[in-house]
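To start, the structure itself, in structure tokens.
None of the figures in this text is laboratory data; all of them are computed from the coordinates on show. Note that the structure is predicted; figures quoted are calculated from it, not measured. Cβ coordinates were reconstructed from backbone atoms using ideal geometry, including for glycine residues, and neighbour counts include every protein chain displayed.
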Amino acid sequence: MVKASMVCYLKLLLLLALGGVTMHVPDADVLAPLGPGALRLHGHLSFHDVAAVARDFGNRCSLLPAAVLHPGSVSDIAAAVQRVFQLGERSPLTVAARGHGHSLLGQSQTAGGIVVKMESLGGNARMQVHNGDGATTPYVDAPGGELWINVLHETLKHGLAPRSWTDYLHLTVGGTLSNAGVSGQAFRHGPQISNVNQLEIVTGRGDVVTCSPEENSDLFYGALGGLGQFGIITRARIALQPAPKMVRWIRVLYSDFASFTEDQEALISAEKTFDYIEGFVTINRTGILNNWRTSFKPQDPVQASHFQSDGRVLYCLEMTKNFNDDEADIMEQEVGVLLSRLRYIQSTLFHTDVTYLEFLDRVHSSELKLRAQGLWEVPHPWLNLLIPRSTIHKFASEVFGKILKDSNNGPILLYPVNRAKWDNKTSVVIPDEEIFYLVGFLSSAPSLSGHGSVEHAVNLNNKIVDFCEKANVGMKQYLAPYTTQQQWKAHFGARWETFERRKHMYDPLAILAPGQRIFPKASLPMSL
């Protein structure tokens, strides 16, 4: 947290540097013409709401900015970044783009800098859906600050939808594309960054650049998964496909990890398979099936009523099959064939039919319940790992039931993806094997001490990471919480040189995304 004197000084600096901006203060909006060459904004710069953007979903880090930019246009973002760039190395100002604030450890924050509230841009820019024709595939042009749930609503009006998703849709387009964007469709379509045709980016110099695989390709691939280091994504052209009306949503349980992973790998490698495939791990949890009965129905109610978990480590395979109303019979046949090849516990087959929208927005329903209980805005010490197929059994045997004695206040995801569906030109670093697993420990910490505390969850996370490093598991962290450049160099490995070159090219003063803690701001100390 920066000192109050520093904040006051930076506010004054902003007023002088960004002369002529429309100021939003608690009492009124005031036009402050402060000198020649004043910067004019369609939106406004505010100081009263800095505390609101000094927190995120992780709820473990709070960096107080000097001001918040509510952009009314892309030119607002470009002008603000350009002015900060013009202030040069001596200025301590940095700029952080904040989407829905779903970062885990202050990645969307900046101490004493400017936070750009990207959702303001989403509300001021219109989405455009192009249905495509014989020569072109359909796509949507979406603002970087638009929520994916709004993209879905808009594209569904045209009978279309993006191919790849995250599990939670109340995130911004620019936010997920700056990381990767992964869910149960990634085995087939790759992550969200593999389904983008074009980007509009504001670089660290304040330039507005349109880029694609054919135009300014170095910036295009660098920004995808680039952690906001090379520019702020202000618009994305996202590939679309026909959207189904309905989804058959299925869950089954395994007690044997080898069968669980082998079945998952067979499914993601098959030509005819499910449309979404994810896995979960449950440790010492009783009443698992009872928790499903409200929204899922068992294939065999009598068998299901006799199932006992007995405190075992169990593995849940979750799958969906998309269909339209007139395809229900065909869907039933296809699902039956696919399930007949799997080795799950027969009494644990549960399923339900929901609309495509209901399935994709499923996590939001859980969010509303948690908010009502006061359990949403608590610390979330998450750990997300990418584990090679060759070491996933070594990983599981040590972590599940040994390091982790229980499910640790949150779901544990574990499912495979195909490396071939990830574009290796992007900035994302993944294991160098054809199949690797996403493993997510999505813990909540609702209490100050004990099992439900941040300290407890972080200690377990550290033990898991230490094991991976000592056992040479070959893991890579996703949404990595590294705090030193040395850690980031080790993370990127041989790709660090390219990453660093792109930083010097597109953000030479290290103005952008300081919360990632990769490149320190190139500034000289200032006396106050």
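Can you grab the distance from the C-alpha centre of the stretch 266-287 to the C-alpha centre of the stretch 366-381, Å, no decimals?
25
Could you pull the Cα extents of the stretch 249-336 along its three principal axes, largest to smallest, in whole Å?
41, 28, 17
Report for the stretch 246-478 the percent antiparallel among DSSP-assigned beta bridges with both residues inside it, nearest 5.
Roughly 100 percent of the beta bridges in the stretch 246-478 run antiparallel, per DSSP.
Kindly give Rg over Rh for the stretch 123-242, based on alpha-carbon atoms, with the Kirkwood expression for the hydrodynamic radius.
Over the Cα atoms of the stretch 123-242, Rg/Rh equals 0.94.
Of all DSSP beta bridges in the chain, what percent run antiparallel (nearest 5)?
Values: 72 of 83 bridges.
Of all bridge pairs located within the chain, approximately 85 percent are antiparallel.
Expressed as a rounded percentage, what relative contact order does the stretch 410-465 have, with Cα pairs under 8 Å and six or more residues apart? Let's see the in-between values first.
Working: 57 pairs, mean separation 19.2, N = 56.
Normalised by residue count, the contact order of the stretch 410-465 is 34 percent.
How high is the relative contact order of the chain, in percent, counting Cα pairs under 8 Å that sit 6 or more residues apart?
16
Report for the stretch 37-179 the percent antiparallel among DSSP-assigned beta bridges with both residues inside it, nearest 5.
Among the beta bridges of the stretch 37-179, antiparallel pairing accounts for roughly 50 percent.
Below 8 Å, C-alpha to C-alpha, sequence gap of six or more: please give me the relative contact order for the stretch 246-478 in percent.
Values: 390 pairs, mean separation 61.6, N = 233.
That works out to 26 percent.
Give the angle, between 0 and 90 degrees and rounded to the nearest 10, that separates the Cα long axis of helix 454-470 from the longest principal axis of the Cα atoms of the chain.
Between the helix axis and the principal axis of the chain, the angle is about 80 degrees.
Taking neighbour counts of Cβ atoms within 10 Å as a proxy for exposure, in what order, fewest first, do V68, V354, V196 appear?
In order of increasing Cβ crowding within 10 Å: V354, V68, V196.
For the stretch 79-165, take every pair of Cα atoms, bin their distances at 10 Å starting from 0, and report each bin as a whole percent.
15, 34, 26, 17, 7, 0
Cα centroids of the stretch 155-182 and the stretch 185-226: how far apart, whole angstrom?
14
Using θ = phi - 60° and the Karplus form 6.51 cos²θ - 1.76 cosθ + 1.60, what ³J(HN,Hα) does each residue of the stretch 218-229 get, whole Hz, x for Gly and Pro?
4, 6, 4, 6, x, 5, 6, x, x, 6, x, 7
Looking only at Cα atoms, what is the convex hull volume of the stretch 246-478 per residue, in Å³?
With only Cα atoms used, the stretch 246-478 gives 144 Å³ per residue.
Amide H of L414: which non-local residues (sequence gap of 5 or more, or other chain) have their own amide H closer than 5 Å, using H built in the peptide plane?
G279, F280, V281, G440
Just need log10 I(q)/I(0) for the chain at q = 0.06, 0.10, 0.11 Å⁻¹, Debye formula, equal scatterers on the alpha-carbon atoms, no solvent, rounded to two decimals.
-0.30, -0.83, -0.99
In degrees between 0 and 90, to the nearest 10, how far off the longest principal axis of the chain does helix 74-87 point, with axes built from Cα atoms?
60
Averaging the inverse of every distinct alpha carbon separation and then flipping it gives the Kirkwood radius. What is it for the stretch 193-314, in angstrom units?
18.9
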